[in-house]
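Peer 1: One structure, as structure tokens, below. Some questions next.
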Amino acid sequence: MKENLIKKAIAVLDGNFQEGGFTIPSKGLYPFQWKWDSGFIAIGLAYYNMDKAKTEIKTLLDAQWLNGFIPHIVFHNENDSYFPGADFHQSELHPLSSKKYRSTGMTQPPVLGFVLMEMYRIAKDKEDILSFIKEFIDQVYQNHEYFYTNRDPQDEGLVYIYHNWESGTDNSPVWDDIWKTMNPPEYTFERKDTTHVDAAQRPSKREYDHYLHIIEIAKEHNYDDGKIAELSPFLVQDPLFNAMLIKSNEALLELYGLIGGNEAKKATLAHWQKKSMERFNSKLFDSDLGAYVHYDLRNEKAIRHISSSSFSPLFANIPSQERAEILVQTMMDNFGGDDKYLCASFNPESDLFNPKKYWRGPVWINMNWLLFYGLKNYDFLDIATRVKNDSIALIERDGFFEYFDCRKDNGELERTGYGGDNFSWSAALLIDFLHN
Ligand code: 2M8
């Protein structure tokens with residue numbers, strides 16, 4: 001059974017691998033290289049083809065800008081089956097953007113530090129992987145330097161995102177109140193995603209107007225970080241994004257330790273890490289909700305919703321044991337009923353929860369993967385096992401979908417696996433689940 005599932009997962013990943021040396025998230029729907037997808041994909045690849053895993057990371061880093069920024073989509077080809085594509089984003093507006101690849105002018109969660117650490121953990125030949133890491137680690141460090149230098153205007157140790165697409169959790173209800181503060185024009189454009197996937201499972205046209213409007217503002221200022229911090233209607237400190245940065249800081253520190261030398265970089269990483277951890281805990285924990293929340297920096301207020309991002313700090317060892325216990329209790333009370341698979345992407349107890357719509361409720365395998373290791377960090381071994389087994393059960397129930405209905409189906413649900421099929425990170429992280 002296990003061997004069979006691994007074989008199927010490998011077939012999904014191999015089927016999505018492209019000649020340019022990267023893996024698309026899913027055929028049709030997502031025809032390019034995405035930043036955090038590539039990171040998760042490399043973890044799966046590392047189990048059966050370390051060379052491919054290295055290539056995945058190398059290709060992504062090849063698109064890094066001169067200021068250390070790594071874009072969220074690298075447009076390796078002219079495929080026009082995705083909107084908005086390279087012509088809309090116009091990364092060339094930024095003076096330091098890559099001359100080799102067109103890309104977006106926004107980023108995604110900084111997963112690469114801990115992905116390198118995972119590759120090291122999985123590798124059989126430690127010497128070989130360490131020489132790969134040695135070659136590329138400085139680029140990841142420079143990416144962190146970009147964040148701390150350009151994305152933290154009040155020098156808090158918490159970095160902002162300026163677009164919901166930077167969060168990775170695109171249409172989460174967390175952003176709904178921000179949309180109410182904006183009134184973008186009604187743009188005319190041709191959606192491509194809804195030709196691949198039922199519109200009921202994707203963001204609405206009006207939501208897309210907001211998404212495009214933020215990009216238009218950034219483009220007017222040639223993607224200048226200072227101007228974006230000043231003017232973007234969307235400016236958020238996201239617990240998921242910052243937890244990924246903190247976990248990656250920790251990984252870089254450990255990897256530089258293995259490599260030796262690099263004292264100045266280690267000292268800087270340790271400094272960032274301390275500051276970020278402290279501020280994360282003092283600013284983003286909501287004691288009344290018993291969960292970490294997002295902070296809207298533009299409108300200076302906390303966004304008081306519980307989502308799967310609220311639990312991601314467990315992965316980065318951010319809460320104390322005592323706080324972790326509160327957090328897990330909150331999760332089990334709201335998300336953990338026997339009638340549900342763990343872990344919905346948005347609070348099932350909220351009126352805004354939608355079990356079929358993208359980041360408004362369905363289970364995502366990458367979030368479950370973060371949760372699995374996060375729960376293990378704090379010795380919640382039974383719940384961690386449940387998260388792992390639920391993830392495997394969902395893939396067995398539905399296939400390698402992009403997202404899954406968290407409700408246990410007694411035959412009354414018409415379908416339960418949603419979005420893109422043969423989805424790469426679902427396959428890649430299943431391989432990891434089955435080995436751990
Ligand atoms: C989804 O986002 C893209 C935009 O980046 C889209 O909807 O077109 C998100 O789920 C994101 O987290 C993911 O990286 C991307 C590709 O899988 O798809």
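The values are calculated or read from the model by the stated rules, or taken from the named source; none is laboratory data. All values derive from a computational prediction rather than experimental measurement. Reconstructed Cβ throughout: ideal geometry from the backbone, glycine too, with neighbour counts over all protein chains shown. Remember, those area values only see protein heavy atoms, side chains included, never the ligands or the DNA or RNA. Shrake-Rupley method; radii C 1.70, N 1.55, O 1.52, S 1.80 Å.
Peer 1: Using a 1.4 Å probe and counting only protein heavy atoms, arrange Glu118, Glu19 so the residue with the most accessible area comes first.
Peer 2: Glu19, Glu118
Peer 1: Let me ask something else about it. Segment 169-255: Rg/Rh from Cα coordinates, Kirkwood Rh?
Peer 2: Checking Rg against Rh, the ratio lands at 1.05.
Peer 1: Classify segment 373-434 from the C-alpha gyration tensor, please: rounded if a/c falls under 1.5, else prolate or oblate depending on whether a/b exceeds b/c.
Peer 2: Oblate is the answer for segment 373-434, as a/c is 1.5 or above yet b/c matches or exceeds a/b.
Peer 1: Now, a different point. If you wrap a convex hull around the Cα atoms of segment 263-358, how much volume per residue is inside, in Å³?
Peer 2: That works out to 143 Å³ per residue.
Peer 1: Give the distance, in whole Å, between the Cα centre of segment 154-210 and the Cα centre of segment 71-125.
Peer 2: 19 Å
Peer 1: Only Cα pairs within less than 10 Å get springs; with that Gaussian network setup on the chain, which residue of Glu402, Glu216, Glu127 has the largest fluctuation?
Peer 2: Looking only at Glu402, Glu216, Glu127, the biggest GNM fluctuation is shown by Glu127.
Peer 1: Next question. If I ignore ligands, DNA and RNA and count only protein heavy atoms, how much of Lys376 is accessible to a 1.4 Å probe, in Å² to the nearest 10?
Peer 2: In the full protein context, Lys376 sits at about 80 Å².
Peer 1: Percent of accessible area on segment 244-400 owned by carbon and sulfur, 1.4 Å probe?
Peer 2: Looking at segment 244-400 in its full context, I get 47 percent from C and S.
Peer 1: Let me ask something else about it. How many angstrom lie between the C-alpha centres of segment 372-436 and segment 310-367?
Peer 2: Between the Cα centres of segment 372-436 and segment 310-367 lies a distance of 13 Å.
Peer 1: Okay, next question. I'd like the carbon and sulfur percentage of the solvent accessible area for segment 1-66, probe radius 1.4 Å, heavy atoms only, ligands and nucleic acids excluded.
Peer 2: 50 percent
Peer 1: Longer than 23 Å from Cα to Cα, which of Lys126/Lys247; Lys35/Lys180; Lys52/Lys357 are they? Say none if no pair is.
Peer 2: Lys35/Lys180; Lys52/Lys357
Peer 1: Relative contact order, percent, of segment 313-436 when contacts are C-alpha pairs under 8 Å separated by at least 6 residues?
Peer 2: Over segment 313-436, the number comes to 25 percent.
Peer 1: Would you compute the Debye intensity of the chain from its alpha-carbon atoms alone, equal scatterers and no solvent, and pass along log10 I(q)/I(0) at q = 0.06 Å⁻¹ to two decimals?
Peer 2: Taking Cα atoms of the chain as identical point scatterers yields -0.22.
Peer 1: Give me the Debye-computed log₁₀ of I(q)/I(0) at q = 0.10, 0.18, 0.22 Å⁻¹ for segment 1-116, equal point scatterers on Cα only, no solvent, two decimals.
Peer 2: So the normalised log intensities are -0.30, -0.89, -1.25.
Peer 1: What do you get for trypsin sites (Lys or Arg not before Pro) in segment 283-326 restricted to DSSP loop and a cutoff of at most 13 other Cβ within 10 Å of the site's Cβ?
Peer 2: Answer by residue number: Arg304.
Peer 1: Picking from Asn183, Asn354, Asn334, which is most flexible by a Gaussian network model of the chain using Cα springs under 10 Å?
Peer 2: Looking only at Asn183, Asn354, Asn334, the biggest GNM fluctuation is shown by Asn183.
Peer 1: Nearest 20 debye, what's the magnitude of the dipole of the chain about its Cα centre given +1 on Lys and Arg Cβ and -1 on Asp and Glu Cβ?
Peer 2: The dipole of the chain has a size of about 520 debye.
Peer 1: Now, a different point. Given H placed 1.01 Å from N in the peptide plane, which residues other than close sequence neighbours of Phe346 have an amide H under 5 Å from its amide H?
Peer 2: Ser308, Gly361
Peer 1: Follow-up question, since we're still on this one. Provide His210, His221 ordered by accessible surface of protein heavy atoms (probe 1.4 Å), highest first.
Peer 2: Heavy-atom accessible area, descending, gives His221, His210.
Peer 1: To continue, here is another question. What accessible area per residue comes out for the chain, rounded to a whole number of Å², with a 1.4 Å probe?
Peer 2: 37 Å²
Peer 1: Okay, next question. Which of the helices in the chain, when you take each full DSSP H run, stretch at least 27 Å along the axis at their Cα atoms and have an average Kyte-Doolittle score of 0.0 or higher?
Peer 2: Passing helices, by number: 239-259.
Peer 1: Taking the chain as a Gaussian network, where each spring joins two C-alpha atoms under 10 Å apart, which residue of Thr107, Thr268, Thr188 fluctuates the most?
Peer 2: Top of the fluctuation ranking is Thr188.
Peer 1: In whole angstrom, how long is each semi-axis of the equivalent ellipsoid of segment 46-180, when you take the square root of 5 times every eigenvalue of its Cα gyration tensor and sort them from largest down?
Peer 2: Here the semi-axes work out to 27, 19, 16 Å.
Peer 1: Please work out how much length the chain gains when fully extended from Phe189 to Glu78, using 0.36 nm per residue of separation minus the C-alpha to C-alpha distance, in nm with one decimal.
Peer 2: Full-extension gain reported as 38.2 nm.
Peer 1: Thr104's amide H: which non-local residues (gap 5+, or another chain) put their own amide H closer than 5 Å, with H modeled 1.01 Å from N in plane and none for Pro or chain starts?
Peer 2: His72, Ile73, Phe75
Peer 1: Here's a follow-up. Leaving ligands, DNA and RNA out of it, rank Lys408, Lys388, Lys2 by accessible area with a 1.4 Å probe, largest first.
Peer 2: Lys2, Lys408, Lys388
Peer 1: Related question: I'd like to know which of Pro109, Leu130, Pro84 lies farthest towards the positive end of the charge dipole of segment 77-152, counting +1 on Cβ of Lys and Arg and -1 on Cβ of Asp and Glu.
Peer 2: Result: Leu130.
Peer 1: Something else about it: What is the projected area of the convex hull of the Cα atoms of segment 98-175, averaged over all directions, in nm²?
Peer 2: That works out to 7.4 nm².
Peer 1: Here's another thing I want to ask about it. Which value, in Å² rounded to 10, gives the accessible area of Glu145 with a 1.4 Å probe and all protein chains present?
Peer 2: 80 Å²
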